[in-house]
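A.B. asks: Please see the structure below; I have some questions.
The values are calculated or read from the model by the stated rules, or taken from the named source; none is laboratory data. Given the structure is predicted, the values throughout are model-derived calculations rather than measurements. For neighbour counting, all protein chains shown are included, and Cβ atoms are generated from backbone atoms with ideal geometry for every residue, glycine included.
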Amino acid sequence: MHLYQMLADGDRVMIAVSGGIDSLVLAWLLKEWLRKAPIRYELLAVHLDMGFGGVEYDLVQEQLNRIDLPLLMERTDFGHQALVAENGKSGCYHCARQRRNRLFTLAKEHHCNKLAFGHHQEDIIETFFLNLFYGGNLSAMAPKQELFDGKLALIRPLAMVEKKRIVELGQDLGITPVANPCPLAADSRREKIRAWLTPLYEEEPALKSTIFASLGNVRPDYLLTPLSATDSTTR
C-alpha cells in the first residue's frame, strides 16, 4: 500500500466484495488498517449478487455484518445474462464487464475515489497468462490503476500476497467464505490456467515468485516491434 500510494487522507474507498475469502479478508484489512493508519478514509463494502439464486446474498451479508462496515447490497441479473449471451460463449467476459461497469457507476454515485479489489499474487500471474494465451498481449493487473482522468483509482492491496496466506488469515479471523454460485466457475479459462500452473508450483516452489518478479522486470528491447495495421494485413 505504501509502495503504490494506494490510500490518502480523505479517500472514500469502495470495496468490491464477491463473498470469496480474498475480498472478505480485504474488507477486514482495510477496516483494521484504518484503526492504526496516520490518515483517515471512509469505507463502503459493496456486493453485487449475480442473480444465480440460492443463499449467496444472505451469506455474504452475514459475513460483512461481522466485519462491521457500511454496506451496500444489490441484486442483479448479470449472471443470467452472461449465461445466455452468444449461446453460452464468452459468458465470463460479459458478466465481468457488466459487473465492473456497475461498480464504476456505484463508485461515482457514492462519491468514492478508490475502488478496492481482493486480487492477490496468483491472480495477477494468472491474468498475465490469460492475456498471453487468449488475448495476444503481454499485460497483467496493476496494483494501482488510475481511470477516468484520475477521478477513480483501482487499488489491489493484496497484490503481493500469496493466496495461502490470505486463507490462513481468514481462518484465524473466523471468516467463512461464500461459495461462488456461478455454474461456469469450475470451467473457466482462469481455472484452466490455474490447473496448469499448480503442478508447476509444486514441482518448483520458487517458480511463483520468479514469475511474479518478472512482471516488474520487463525488457522491451528484447520483444518484437508491434506491426502496424497495414503490415499485419499484408503479410
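A.B. asks: Kindly indicate whether Phe128 is touching a Ser or Thr at 6+ places or on another chain (Cβ under 8 Å) and closer than 18 Å to Leu7 by Cα.
C.D. replies: It is false that Phe128 is touching a Ser or Thr at 6+ places or on another chain (Cβ under 8 Å) and closer than 18 Å to Leu7 by Cα.
A.B. asks: What pairs can you find where one residue is in segment 1-19 and exposed (fewer than 14 other Cβ atoms within 10 Å of the Cβ), the other is not in a loop (DSSP other than H, G, I, E, B), and their Cβ atoms are less than 8 Å apart, with a gap of 6+ or different chains?
C.D. replies: Between residues of segment 1-19 that are exposed (fewer than 14 other Cβ atoms within 10 Å of the Cβ) and residues that are not in a loop (DSSP other than H, G, I, E, B), the close pairs are Gln5/Lys144.
A.B. asks: To continue, here is another question. Can you find, within segment 22-45, the residue that is farthest from Asp123 (Cα to Cα) among those that are touching a helix residue (DSSP H, G or I) at 6+ places or on another chain (Cβ under 7 Å), assigned to a helix (DSSP H, G or I) and not small (Gly, Ala, Ser)?
C.D. replies: Lys31
A.B. asks: Check Glu126, Glu168 and return the single one that is part of a helix (DSSP H, G or I), within 14 Å of Leu26 (Cα to Cα) and either more than 18 Å from the chain's Cα centre (by Cα) or at pLDDT 95 or above (or both). Walk me through it before giving the result.
C.D. replies: On the way: Glu126 fails: within 14 Å of Leu26 (Cα to Cα).
Answer to the selection: Glu168.
A.B. asks: Please enumerate the residues belonging to segment 87-106 that are modelled with pLDDT of 85 or more and either hydroxyl-bearing (Ser, Thr, Tyr) or closer than 15 Å to Arg75 by Cα (or both).
C.D. replies: Gln98, Arg99, Arg100, Asn101, Arg102, Leu103, Thr105, Leu106
A.B. asks: Scan segment 179-190 and give yes if some residue there is in contact (Cβ under 8 Å) with a residue 40 or more places away in the chain and either charged (D, E, K, R) or part of a helix (DSSP H, G or I) (or both), otherwise no.
C.D. replies: yes
A.B. asks: Which residues, taken from segment 104-122, are surrounded by fewer than 20 Cβ atoms within 10 Å (Cβ to Cβ), in a helix (DSSP H, G or I) and not polar (S, T, N, Q)?
C.D. replies: Phe104, Leu106, Lys108, Glu109
A.B. asks: Suppose we filter Gly53, Gly19 for residues that are closer than 19 Å to Arg99 by Cα, part of a loop (DSSP other than H, G, I, E, B) and touching a helix residue (DSSP H, G or I) at 6+ places or on another chain (Cβ under 8 Å); which single one remains?
C.D. replies: None of the others qualify; the one that does is Gly19.
A.B. asks: If you don't mind, there's one more thing I want to ask. With the condition kept exactly as written, say whether any residue in segment 148-156 is part of a loop (DSSP other than H, G, I, E, B), in contact (Cβ under 8 Å) with a residue 12 or more places away in the chain, out of contact with any Ser or Thr (no Cβ under 6 Å at 6 or more places or on another chain) and not polar (S, T, N, Q).
C.D. replies: Yes, the conditions are met somewhere in segment 148-156.
A.B. asks: Kindly indicate which of Val17, Val55, Val13 is of a type in the set (A, V, I, L, M) and over 16 Å from Ile155 (Cβ atoms).
C.D. replies: Val55
A.B. asks: Can you name the residue in segment 191-216 that is in a loop (DSSP other than H, G, I, E, B) and out of contact with any helix residue (DSSP H, G or I) (no Cβ under 7 Å at 6 or more places or on another chain) and, of all such residues, is nearest to Leu3 (Cα to Cα)?
C.D. replies: Residue satisfying both the conditions and the ranking: Gly216.
A.B. asks: Quickly run through segment 40-60 and pick out the residues that are of a type outside the set (Phe, Trp, Tyr) and at pLDDT below 95.
C.D. replies: His47, Leu48, Asp49, Met50, Gly51, Gly53, Gly54, Val55, Glu56, Asp58, Leu59, Val60
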